[in-house]
Amino acid sequence: MTDFLPTGIELTYLVATGLFIFGLKKLGSPATARQGNVWASVGMLLAVVSTLLNQQVLNYQMILVGIAIGAVIGVTAAYKVAMTAMPQMVGLLNGLGGAASALVAIGEFWRLLNAGQGVPLGSTITVILGVLIGGVTLTGSFVAFGKLQGLITGKPVKFPLQQVFNALLLISFLVCSGYLLVTPDNTSIFLAMVGISSVLGIFFVLPIGGGDMPVVISLLNSFSGLAASAAGFVVMNDMLIVAGALVGASGLILTNIMCKAMNRSLPNVLFSAFGSGEVKGGAGGAGGVGDKVVHSIDAEEGAMMLGYARSVVVVPGYGMAVAQAQHTVRELADQLEKLGVEVKYAIHPVAGRMPGHMNVLLAEANVSYDYLYDMDDINPQFDSTDVALVIGANDVVNPAARSNSSSPIYGMPILDVDKAKHAIVIKRSMNAGFAGIENELFYGDKTMMLFGSAKDVVGKLVAEVKQL
Amino acid sequence: MTTTFIASLFVFVLAAFVGFEVINKVPPTLHTPLMSGANAISGIAVIGALLISGSKEWNVTVILGLVAVVLATVNVVGGFLVTDRMLQMFKK
């Protein structure tokens, strides 16, 4: 009878693991994604309930209070957050997960120390890994959150010898690890390591530009999985190890997909302080731009161009997200369709601040995903498009990525908006995008600029199109 | 101790391969929900937190464990709900 309960708990863990795997699999297809999420959450519920049945766990009142507090905060945050703030939200939650894993590692280490039977070498190593990965995930995610929320400047924060400084932090962490392996009961060294890993997370993310935050969040997501795995090795629980490994691996794949979409390597994203304005050789393409003329139009002319077009491709970017213009954009598309215009949406893989960011926003505005086209599908169609309507996108439509080999974004796949018969660009000003480089598209003969906040301008366009 | 450790290492590596395989082909549309769903799963740390905060006597471990319970629960509950909120908007 006494053996029955632990076995039952382990078997429940096995079921929960299966649910996680099937859930993740189902999350990969639009038709089954929601169901997949439910499966995964049922897996989590099973895992938690069966753990509470563990005979080590006696402290029910306090634990239930803890769960209740966490649940209330989680529910409130999940329902209050705006769809546009989703990247920050994931970043923040990610940081909390990393912190929890680190705390588990620290707590278990403390218990082993005070149990007085010495700490096994394997445990010390996994504790060290848990503290390092968990600490970096915690503070790194918070910095990423601050950058996306606008609390910290989105520009890369740089200072001399930065990478040397970061390397020194890492080395000092490793040196401390060495000490700790020899003398596990040296608590001041251990606390120093907790501090170093937190500082490392901050300085790791600070020099990365806001435009690259999606990649960073995805990478930190992968880290938080690995941190959970490390915590799993510390408390010797296969459930944690498996779930953590699943997240770690899937996060890494996602990170890789995102880097590919920008045609950059991961080290380039992490260490090149992209978008700091110190653009090398920018003069090649941008230099001549200063003398060129910008064609600016007003909403009435814009509405005429759109209303009398046969096909319009909408290219949304971060500007649409900031202005919360997705509903107005949908309204415009509805009006245009009434006039017989064919409307499609072109989604660049890294438009916005998160992969699929635009898809989520447009889905919120009830745009069916049949109308959304990936870059590879839409690019051949721009030749036969009458008007490309660019709403708050910049770098992802910059032709310099194709033509100017000295441009920092050279080689990044872009949406070929310049191939459409006309392009209308809605933008607040002529300022450069996140990558900090000029965009020749705005000076093209076929390009009309419509200045203003995306929401106002699109609203005016809707009103004008209605009168056509 | 070592044999269980090695066994767990096997489990870890195999699970990582499963993770790679499962996520291989995902349309960009689903990247954000997938990231946030995976993020909720990484809140599995809550299990570890429950195990170390289970003792009835107050000590540093229990306090750290309880804090971890709160943080991980926020991660789990918030993560799954936010993912569901995003996904319910994907309609055909």
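None of the figures in this text is laboratory data; all of them are computed from the coordinates on show. All of these numbers come straight from a predicted model, not from anything done at the bench. Here the Cβ positions follow ideal geometry from the backbone for every residue, glycine too, while neighbour counts run over all protein chains shown.
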Practice problem: Treat every Asp and Glu Cβ in chain A as -1 and every Lys and Arg Cβ as +1, leave all other atoms uncharged, and give the resulting dipole magnitude about the Cα centre to the nearest 20 debye. | Solution: 460 debye
Quiz item: Hey, what angle do you get for helix A:162-182 against the long axis of chain A, alpha-carbon based, 0 to 90 degrees rounded to 10?
Solution: 20 degrees
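Using only atoms on other chains, find how many Cβ atoms lie within 10 Å of each Cβ of peptide B:3-11 and report the average. Don't jump to the answer; show the numbers that get you there.
On the way: counts 0, 3, 7, 1, 2, 11, 3, 1, 8.
Shielding by partners across B:3-11 averages 4.
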Exercise. For peptide A:47-57, compute the average count of partner chain beta-carbon atoms within 10 Å of each residue's beta-carbon.
Key: 4
Practice problem: Output ³J(HN,Hα) for segment A:213-219: one whole-Hz value per residue in order, computed from phi by the Karplus curve 6.51 cos²θ - 1.76 cosθ + 1.60 with θ = phi - 60°, and x for Gly and Pro. | Solution: 4, x, 5, 5, 5, 5, 5
Practice problem: Distance between Cα centroids, segment A:373-450 to segment B:2-78: provide it in whole Å. | Solution: 41 Å
Quiz item: Taking the highest mean first, how do the peptides A:126-137, A:187-198, A:105-116 order by number of other beta carbon atoms within 10 angstrom per residue?
Solution: A:126-137, A:105-116, A:187-198
Quiz item: Using a basic spin-label model with each label point 7 Å from the Cα along Cα→Cβ, how many nm lie between B:Leu14 and A:Tyr371?
Solution: 4.8 nm
Exercise. Give me the Debye-computed log₁₀ of I(q)/I(0) at q = 0.08, 0.10, 0.12, 0.20 Å⁻¹ for segment A:285-466, equal point scatterers on Cα only, no solvent, two decimals.
Key: -0.21, -0.33, -0.49, -1.51
Quiz item: For the Cα atoms of chain B, what angle does the longest principal axis make with the long axis of helix B:60-87, in degrees from 0 to 90, nearest 10?
Solution: 10 degrees
Quiz item: Using Cα atoms only, what is the angle between the long axis of helix A:121-149 and the major principal axis of chain A, expressed in degrees (0 to 90) to the nearest 10?
Solution: 30 degrees
Self-check item: Flagged links, alpha-carbon separation over 20 Å, of A:Lys260/A:Lys455; A:Lys25/A:Lys147; A:Lys344/A:Lys419; A:Lys147/A:Lys427
Solution: A:Lys260/A:Lys455; A:Lys25/A:Lys147; A:Lys147/A:Lys427
Quiz item: Taking square-rooted eigenvalues a ≥ b ≥ c of the alpha carbon gyration tensor, is segment A:20-175 rounded, prolate or oblate, where a/c under 1.5 means rounded and, failing that, a/b exceeding b/c means prolate?
Solution: oblate
Quiz item: Within segment A:287-377, which chymotrypsin sites (Phe, Trp or Tyr not before Pro) sit in a loop by DSSP and count at most 13 neighbouring Cβ atoms inside 10 Å?
Solution: A:Tyr308
Quiz item: Looking only at other chains, what is the average number of their beta-carbon atoms within 10 angstrom of each beta-carbon in A:248-259?
Solution: 6
Exercise. Measure off 7 Å from each Cα along the Cα-to-Cβ vector at A:Ala85 and A:Asn256, then give the distance between these two points in nanometres to one decimal.
Key: 3.5 nm
Quiz item: What is the magnitude of the charge dipole of segment A:285-466 about its Cα centre, with +1 placed on the Cβ of each Lys and Arg, -1 on the Cβ of each Asp and Glu, and no other charges, expressed in debye to the nearest 20?
Solution: 240 debye
Quiz item: In percent, how large is the relative contact order of chain A, given Cα pairs closer than 8 Å and 6 or more residues apart?
Solution: 14 percent
Quiz item: Roughly how many Å is it from the Cα centre of segment A:16-72 to that of segment A:125-144, as a whole number?
Solution: 23 Å
Quiz prompt | Charge dipole (chain A, unit charges on Cβ, about Cα centre) - positive-most of A:Ala321, A:Ala102, A:Ala47 | solution = A:Ala102
Quiz item: For B:Phe5 and A:Ala463, FRET efficiency with R0 = 56 Å and r from the beta-carbon atoms, rounded to 0.05?
Solution: 0.25
Quiz item: How far apart, in nm, are the 7 Å Cα→Cβ label points at B:Trp58 and A:Tyr308?
Solution: 7.9 nm
Quiz item: Going down the table (A:Lys155/B:Lys25; A:Lys338/A:Lys460; A:Lys80/A:Lys466), which pairs top 23 Å between alpha carbons?
Solution: A:Lys155/B:Lys25; A:Lys80/A:Lys466
Quiz item: What does the charge dipole of chain B about its Cα centre add up to, to the nearest 20 debye, if the Cβ of each Lys and Arg holds +1 and the Cβ of each Asp and Glu holds -1?
Solution: 340 debye
Quiz prompt | Calculated SAXS-style log₁₀ I(q)/I(0) at q = 0.09 Å⁻¹ - chain A, Debye, Cα scatterers | solution = -0.69
Practice problem: Amide H neighbours of A:Tyr373 under 5 Å, at least 5 residues apart or on other chains, H built in the peptide plane: list them. | Solution: A:Tyr345, A:Ala346, A:Ile347
